[in-house]
Every structure is written in C-alpha cells, then in structure tokens.
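Heads up: the structure comes next, in structure tokens.
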Amino acid sequence: MVLQPLINGLIFGGILVLGAVGLTLVYGIRRFPNFAHGDMMALGAFFALSFTMSFLTVLAFPPELMWLALLLAMAVSMVLMAVLGFVLEWGIFRRLHGESLVRPLIASIGLAFIIQNVIRIVWGTSNQNYGFPSQIARSLPLGIRLTDNSLGILIAVVVLVLAIHLVLKYTTLGKSMRATADNWDLARVTGIDVQRVVYATWAIGSALAAAGGALLGLFAVIRPIMGFALLLPIFAAVILGGIGSPYGAMAGGLLIGIGQEVSLPFLFLLSDTSVAVFPFLVALVVIAGMAVILGLWLTDQNRPRQAKYAYASGGVMGALATVILVASAVGALNLYLPFPLFFAMGLQQPSAFKPAIAFMILVLVLLIVPGGLAGLADKPRFKEFMKSVSALPKRATAAGKSLIGRVTPRSK
Amino acid sequence: MISFFAVAGILAIATLALNIQWGYTGLFNIGIGGFMAVGAYTAAILTTPLSDPPPFLPGHLGGFDLPFLVGILAAMAVAGLLGFLIALPTLRLRADYLAIATIGLAEITRLYILNALTITSGTFTIRGLPRPDQDVSDVFGWLTGGQELDVGPVLSNLIIFVIIVVIIVLVYVVMERSTRSPWGRVLKGIREDEDAAAALGKNTFRYKVQVFVIGSMIMGAAGALFAHWFRVAEANTSFVPADTFLIWIMLIIGGSGNNKGAILGAFLVWGLFALTILFTSQLPEFLRLNFSFIRLAAVGAILILLMIYRPQGILGEERVISKMG
C-alpha cells in the first residue's frame, strides 16, 4: 500500500524522463525553452493511436498481438516525429537563431497553438485510448500491484534511456552534441558541423517526445490538451536536473513523477481538513530531501560508497527533523490560537491539482539551486553545508555518549 | 458595439501593463491570464452581494457587498502580491526562467480557481457581480443633494465604459510620464544591457521587481474590470493561455516599447478577432464546426510569422530623445 504511489510515480516519472531528456537536449544546444514540446508529445501519442488502429484493422493483427501493433505504431510515430523535428528546425527555428532567446521562444508558443489545434481538428476533442482490454493487475511482494501495461512502460523507458545513454557516451554524434551544448563556437572551431548536430538533436528529442506521449496513452487517456498539462512537469524536471543535462533530466523526471504521485494522498487530505496546508508541507519537505540526496549521489562520483550512504542518511534525517519541527509548531499554534492557522483549501478534485506539486518543486529549485542537480556539482559551499548536516547524527551520538559517560559511573 | 469597445479597452489596459513589463524592461511575463484571473476573482469575492448558493453546492467565499472601487483596489493588491512572490525567485535569473515560472503560475492559479469549491465555487463560477451603478448613483445623490439617479441597462454599460476609458487614459499618461523619467530610462537600460545598468550603480533587481509588481497590479485591475463587465468571474474558458498570447500578439503587432502601439494593437487585433465571428455563419460546415480551433491555430501561425519577419511590430519602438538643458 505504501509503496504503490512510489511505483505509480516511477511509471509516470519514466514517461516524464522521455519528454524531459528531449526538451533538455534541444534547450541545451538551441538555448531556448521549446514550449511546444508537450504538444509534440501529444501529437506523438495521436500518431501512435492512429497507427495502432490501422495496424489492427488493415493488417488484421489478432487481438493477442495488440501490444506488437502498438510497438510498431510507436516506432512509426517516433520516425514521423523525428522528421517533423527536422522540418521544424529547418523551416522555423533555423531562421530565429541569434542573440535573443525570446524570438524562438515566442515562435515555439505559436507552434504549440498550431499543433494543439490541428490535433483537435483532425482527431476531435474527446478523450481516447488504445482500446486495450482492461487488465487485472498482478500482485507482487510488498503489496505492489502492477498491470502488464505499466510493466511495458517501464521496460520501454529503460530501453530508450539506455539507448540515449549509449548514443551520448559512445558515438561521434553524441560527443559532438555534448560539445555543442557546452560551447557552440568552440564546437564549430573544432570542425563539428554544428547545424547537422542541431538537426540530429531535434530529431532525437522529437522521437523521444513521441515515445513518451505514446506510452502516456497506456498510463492514462490520450487527451488533445494533454500537451499543455505535461509542459509544467517536464519543465520542472528539466530545471530540477539542470538545463542541458540529459542525466539531470532523467533524475529530475523520476523525482517529479514520484513527487506528484506520492503527494496525491496528501492532496486528498487538503480537500477537507482544517490544518490542510500542513501535510502539503510534509510532502514538499520529503521531496526536497529526496532531491538533495539524489543530487549528491549523482554529482559526487568520486566519493566512496560509505560517504554516499552518510549523505543519504543525513538528508533523510534533515528532512525528518524539519517535518517534526514544522508539525509540532503548527500543532501547537492550532491548539492555542482561537482560530485555525490554515484554512482548508477545499479542493473539488484533488488529483487535478497534481501539477501544482511540480510547480512548487520548480519554484523551490529556482530559489535554492537555480542550476539544478547538475549545477550542484559546482557549489562547494553547498557541499560543505550538506557534509556538516550529514555529520550531525554522528556528532550527536558522540555528544550523547560523552554525556552518558559523564553521568553514569563507569562500572568495572 | 459598446461591448466591443469595452472588451477591447480592457484588453488594452492589460496590453499597456505588458508593455511596461516587456516593452520597456524586457521582463518576459507569459502568465497574464493568471494575474487577470486573480484580479477578477478578488473583485468577485469582495463586491458580490450575499446570495443563497445553488442547490448541492456549499457556496463560495464572499457576499461582502463592498463598493466597486474597493474591489478594483483589492484586485490590484492581490495581483501585485502574487507578482511580488513570483518575482523574488525568478527575476535574479535569466529571462527563460521567468517565462517558465509565470506560465506555470498562471496554470496553477487557474487549476486552483477551478478546484477550490468553497472559495471560488470552482467550475460553477461566481455570478452576479455588480456593476458600479449603485456607487455612481450614490455619488450623484451626494452631489445633487438627494436626487435619485435611475440607472438603466444603457447607462450601466456607459458608466463602466467611461470608467474603462478613464483607466486607459490614466495608465497611458502615467506610463508616458514615468517611462520618460530617469526611472524609465533605467528600465530601458536594464532591457538593453542589464550588466551595464548594474555597473552604473543601479540596483537592477529592485527596478525589475517594481516594474513586475506594477504591471501585475494593472493586469489585476484589468481582470476585475473584465469580470464586472460580464457580471461573472469564470476560469473555464477565460484567462486561458490563449488569452495571454492574444495580449502578446496585440503588443507585438502594435510594437513593444510603444504605449500608443499597445493600445492600437489591442483595438486592431480584437477588431479582427470580432470580425471573424461575423462571417462564420457563411462558412462550409467543416470550417464552421472547427472555427475556434482554426482561429487559435492562426494565432499561433501569426506569432511564428511575426517572429521571423517583423519582430518589431507595426509601429516599432518609439524613439525618445532626451531634451537637453
């Protein structure tokens, strides 16, 4: 029961990872936020939907092989979207390259409007799905329930992320992509065909977006406006991970996904308790703690394993301590004040409020570490701070031991 | 016809507000709808008289029956506070962070409004906002020593229209004056080269927060006027991202950094938008059914074409030459 939201978050987070990696690659190389990325995911989903349907009817796939039809449709959709990404760069964004990031940014918003409304015109405004028969979730140990669809999503995400990792690390294209993201001019001077790299980045990013959108159709319904709803979580993931860092975006996507699903029960509490804001704070603190832990884990690759565990326990302790402090403060205030400190937010439909979690995390990241997880590596002061925090329990035990040693006479 | 000019006027106020943020200072705010929605609902909660909730609904916060002016001022205050809160973490960073944060803020605001049943009555909207009729007739009675002013529907439209025009003129004059002042020159300096402005000893962050809050307040007022004009505060179809970008198109077409252009752009674009409704009925069925979608897609296409071919708009920026001596 406890782990179920975590698993749901992992699945949704995996889908966000696909969107966020594509967005962050284009963002890092083209240096502008592509506000059409969410709608490109939606378009990918609708392509996949149409091709699945036509494979089933035209090619007469038997119903048992429906997943194969979907897989093929997803591949076709990815190819189509890759071509579209290439065309977009060639037709629009190539002409807007320059000092200002505002011109391509506004153009991307225009593009989002076009894609969203073309979807509404072509596929209609109603919610759709692949028409898979409803599945019985299989029970796993620890009370986790997982449907075949969810399992398929997880496998697909792992395969795609692995593929991206291999491309970035081991191919010439991946290396030139990272070089161009680091320094456009320097990459050109060293003989990289920058424009070609940009085209490739658009194609890869769009294909990943298509895959993410298609997989989201397995997790939830396919809605024409889902692109806009996706925009906030993927941007939150990109900023949490650090703009331009694909590995940061992967971590960010997972964290945002898990954060949204884990806080859902708290959002339900929000709808009618009088100290409603309090569980919300708890969720936020826990998520922030998780982010810090994972950030340090990712950025400190040279540290020994014991040190990493020390960091992790420090982060958890810090988060717990904050929760207990805040909880007791709020509790005390609510006991002794003649009026409730916080009003109930009275949410009509708490689950619709989920993007707010992503937004809260985004604002927190902007306040604390604008560079995101990838930027943490460059902050020695922050590292020192975390080190002292993680050393706190050790020092506390040492202090406690010495205190006990002083009070009780040593027995012989 | 008066409806057209009133709505265009309200949009012109919001466009002027965007002009001081983007046109003069270069602050990329794409959450205009959110600030307007906050203004609209603040005014709705404060000025709507008490009424029984519809069946099966808990009823929303409100029923304070306060005067029109109090509602507008409160709308400005709340929208300004929201702008202040979002300005603090984002205005120290690059422009794209502000863009992402504001579009997120607008969406979260709308989600909250559509969800908070006991405060904003969610998707059921707040109806029955008063027009400033009672206030005007009170003032009339006070001026003439007790005479009654009978406000009919025509006069009611006229009163709020005059108020809108007065606010446009007020905002325009204040902006023209302030942007030509030393304060306004610092803003342009920030837009052109923030590092240079900072090197000259200006606290650019403080200026940016000031501008952002002022712009947000004016947007809040515009939202409140919008709700008063239609006598309803609703976030189902209004204050959506499309509205935000309609205002952006108005400013870009009019020419950012140009107050006259902002007003002209608002009336021009709203005019085109309204004209398209006139000939909708003559279109073939497919086009007619998808008309609103085609129009929104056209909005997107216009944005892209403007960015590629004419980013400075029709009028372009007004050149201001400082007078010597």
>> Out of everything in the stretch B:153-175 that is touching a helix residue (DSSP H, G or I) at 6+ places or on another chain (Cβ under 6 Å) and not hydrophobic (A, V, I, L, M, F, W, C), what residue ends up being nearest to residue B:256 (Cα to Cα)?
In response: B:172
> Somewhere in the stretch B:137-157, is a residue within 14 Å of chain A (Cβ to nearest Cβ), touching a Leu at 6+ places or on another chain (Cβ under 9 Å) and not small (Gly, Ala, Ser)?
Replying inline: no
> Taking the stretch B:70-111 as the search range and keeping residues that are outside any helix (DSSP H, G or I) and more than 7 Å from chain A (Cβ to nearest Cβ), which one is surrounded by the most Cβ atoms within 10 Å (Cβ to Cβ)?
Replying inline: B:91
> Which condition number does residue B:114 fail, the rest of (1) more than 9 Å from chain A (Cβ to nearest Cβ); (2) of a type in the set (A, V, I, L, M); (3) within 21 Å of residue B:225 (Cα to Cα); (4) part of a helix (DSSP H, G or I) being met?
Replying inline: (1)
>> Residues that are over 20 Å from the mean Cα position of the chain (by Cα) and closer than 24 Å to residue B:33 by Cβ: does the stretch B:144-164 have at least one?
In response: no
> For residue B:119, which of the numbered conditions (1) under 30 Å from residue A:371 (Cα atoms); (2) at the interface with another protein chain (Cβ under 7 Å from one of its Cβ atoms); (3) β-branched (Val, Ile, Thr) fails to hold?
Replying inline: (1)
>> Looking for something crowded, with 18+ Cβ neighbours inside 10 Å, in contact (Cβ under 8 Å) with a residue 60 or more places away in the chain, within 14 Å of chain B (Cβ to nearest Cβ) and under 26 Å from residue A:13 (Cβ atoms) - is there at least one such residue anywhere in the stretch A:82-89?
In response: no
> What do you reckon, is residue A:100 small (Gly, Ala, Ser) and in contact (Cβ under 8 Å) with a residue 40 or more places away in the chain?
Replying inline: no
> When the stretch A:30-45 is examined, which residues are found to be assigned to a helix (DSSP H, G or I) and either surrounded by fewer than 23 Cβ atoms within 10 Å (Cβ to Cβ) or touching a strand residue (DSSP E or B) at 6+ places or on another chain (Cβ under 6 Å) (or both)?
Replying inline: A:45
> Of the residues that make up the stretch B:135-152, is at least one out of contact with any helix residue (DSSP H, G or I) (no Cβ under 7 Å at 6 or more places or on another chain), crowded, with 19+ Cβ neighbours inside 10 Å and more than 17 Å from residue B:227 (Cα to Cα)?
Replying inline: no
> Does the stretch B:175-187 hold any residues that are crowded, with 16+ Cβ neighbours inside 10 Å and under 22 Å from the mean Cα position of the chain (by Cα), and which are they?
Replying inline: B:175, B:178, B:179, B:184, B:187
> Quick one: which helices (runs of 4 or more DSSP H) sit completely within the stretch B:216-325 and have at least 1 residues that are touching a residue at least 24 places away in the same chain (Cβ under 8 Å)?
Replying inline: B:241-254, B:259-278, B:291-309
>> Quick check on this structure: which one of B:208, B:202 is over 17 Å from the mean Cα position of the chain (by Cα) and at pLDDT 90 or above?
In response: B:208
> Inside the stretch B:6-50, can you point out the residues that are in a helix (DSSP H, G or I), within 24 Å of residue B:108 (Cβ to Cβ) and not aliphatic (A, V, I, L, M)?
Replying inline: B:15, B:21, B:22, B:33, B:34, B:35, B:39, B:41, B:42
>> Which of the numbered conditions does residue B:125 fail, given that it passes all the others? Conditions: (1) surrounded by fewer than 22 Cβ atoms within 10 Å (Cβ to Cβ); (2) of a type in the set (Ser, Thr, Tyr); (3) more than 21 Å from the chain's Cα centre (by Cα).
In response: (3)
>> Just the residues that are at the interface with chain A (Cβ under 10 Å from one of its Cβ atoms) and surrounded by fewer than 21 Cβ atoms within 10 Å (Cβ to Cβ), please, taken from the stretch B:244-286.
In response: B:286
>> Looking only at the stretch A:92-106, filter to residues that are facing chain B (nearest Cβ under 7 Å) and not in a loop (DSSP other than H, G, I, E, B); which one of those is surrounded by the most Cβ atoms within 10 Å (Cβ to Cβ)?
In response: A:106
>> So, in the stretch A:346-357, how many residues would count as being more than 8 Å from chain B (Cβ to nearest Cβ), part of a helix (DSSP H, G or I) and at pLDDT 70 or above?
In response: 1
> Could you say which residue among A:121, A:109 is touching a residue at least 12 places away in the same chain (Cβ under 8 Å) and either at the interface with chain B (Cβ under 9 Å from one of its Cβ atoms) or part of a helix (DSSP H, G or I) (or both)?
Replying inline: A:109
> Residues in the stretch A:178-233 that are in a helix (DSSP H, G or I), under 27 Å from residue A:15 (Cα atoms) and free of Cβ contacts under 8 Å to residues at least 24 places away in the same chain: how many?
Replying inline: 3
> Quick check: anything in the stretch A:53-68 of a type in the set (Asp, Glu), buried (at least 24 other Cβ atoms within 10 Å of the Cβ) and in a helix (DSSP H, G or I)?
Replying inline: no
> Since residue B:91 meets every condition but one in (1) modelled with pLDDT of 80 or more; (2) more than 20 Å from the chain's Cα centre (by Cα); (3) within 16 Å of residue B:234 (Cα to Cα); (4) among the hydrophobic types (A, V, I, L, M, F, W, C), which condition does it not meet?
Replying inline: (3)
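The values are calculated or read from the model by the stated rules, or taken from the named source; none is laboratory data. Since this is a predicted model, take the numbers as computed values, not measurements. Cβ: placed from backbone, ideal geometry, glycine included. Neighbour counts: every protein chain shown.
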